[in-house]
Amino acid sequence: MAEKVLSQEEMDALLKGVSEGSVDTRVAPGPTGGTRSYDLSSQERFIPRRIPTLEVICEEFARMFQMSIGTTLQKPVEFKAKPLEVISWADLAKKIPSPSNINVLRLDPLKNPGLLVIDAKVIYLLLDHLFGGKGQTQSKSQGGFTRIELRFIHKIVNQIMEDLQKAWKPIYAIQISIIRTEVNPQLASVCVPTEMVIVAPFRLKIHNDEREILFGLPYPTIEPIKDKLYSMFQSEQKDLSQQWGELLQNEVYSCRLSAVAELGMAMLDVTDVTQLTIGDVITLDKSVVDDLELKVEGKVKFLGRPGVYRGNLAFQVTKIAPDEVEVEDG
């Protein structure tokens, strides 16, 4: 396509317009799409929303603490990990209800602190159930906690720290202790307002009551071990599975089971039982030469002979019972 060239008359008219000011000679602003202003003093940084290994740690902690708090209350309790959140400290401080039990934690050997937040409503819910209530006690809107409440809080926080340490141990061993405890979120600052915090929320449910506990990690806290938390799940998944498997195996091996060796059984009518007297003989279904059955948790697992070992009654295993052998109760 031929390039259009202005005629002499058009050029004269353009120059006249520029000199008279009727033609705007200002440079038009360029397109602004795809750009935004940035504050170089901001502490914000890119943090992936998914931290797989930290999610595994949270799930393991939730499992442990669910058993711990259930044992304390002697009631069924549901305690589940919720998805991780990444927000600034300023935004997190706005979300923390007041009053709350806010614990600033030391995570040795990590240099920076962590944060454990327990809403006051959680404290009163647990206390009410501990003393036989149904979770109907209302929390106070202001003020601190009583001595009894503080002793109970101390017990719960210690249990949380103990279970957290166990959950972290296969990944990175940390020793958790309390630096200080606050009630007002504004007094519990662990970093500058613009610093990003990884928040691990947990849902506590007792019957129909649901409450939330928060565990916060400012990014500088985990930055020294970020390679473990970001890459370990992919590059060392096999080792991690083996570690969890060994832990589970050790827990299973330490379980206590009931083992009962039965000399035999006899079926009697109620009439026969009521007529039994001293000296009567009850014939069992086994002879003296038959192997006895050793029941583990009510199921036949081994066959063997009775005897005495070092002055104690004993059972000598002679055979492994077939898997299909099952014993009916009664």
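Every number in this text was worked out from the coordinates using simple rules, so none of it is lab data. All of these numbers come straight from a predicted model, not from anything done at the bench. Note: ideal-geometry Cβ built from the backbone for every residue, glycine included; neighbour counts use all protein chains shown.
Observations, loosely collected:
- In the range 52-253, the C-alpha radius of gyration followed by the widest Cα-Cα span (Dmax) gives 17.0, 50 angstrom.
- The residue among G264, A314, T277 whose Cα reaches farthest toward the positive pole of the charge dipole of the range 259-320, with charges on the beta-carbon of Lys, Arg, Asp and Glu, is A314.
- Here the peptides 96-102, 314-320 are ranked by packing, the mean other Cβ count within 10 Å, and the order with the highest first is 96-102, 314-320.
- Exposure proxy order (Cβ contacts within 10 Å, fewest to most) of Y172, Y124: Y172, Y124
- Diffusion constant of the range 105-195 at 25 °C, which comes from Stokes-Einstein with the Kirkwood Cα-pair radius and 0.890 mPa s, µm²/s: 164 µm²/s
- Residues whose amide H comes within less than 5 Å of that of S88, counting only those at least five positions distant or on another chain, are V197 (H built at 1.01 Å from N in the peptide plane).
- R0 of 51 Å, Cβ-Cβ distance Q316-V273: FRET efficiency to nearest 0.05: 0.95
- Along its three principal directions, the equivalent ellipsoid of the range 45-95 from the Cα gyration tensor extends over semi-axes of 28, 15, 7 Å, largest first.
- Three semi-axes of the equivalent ellipsoid, the range 259-320, Cα gyration tensor, whole Å, largest first: 26, 15, 11
- Extended-chain gain in nm, criterion 0.36 nm per residue less alpha-carbon gap, Y253 and R50: 69.7 nm
- Segment T71-V308, length gained on full extension (0.36 nm per residue, minus Cα span): 81.4 nm
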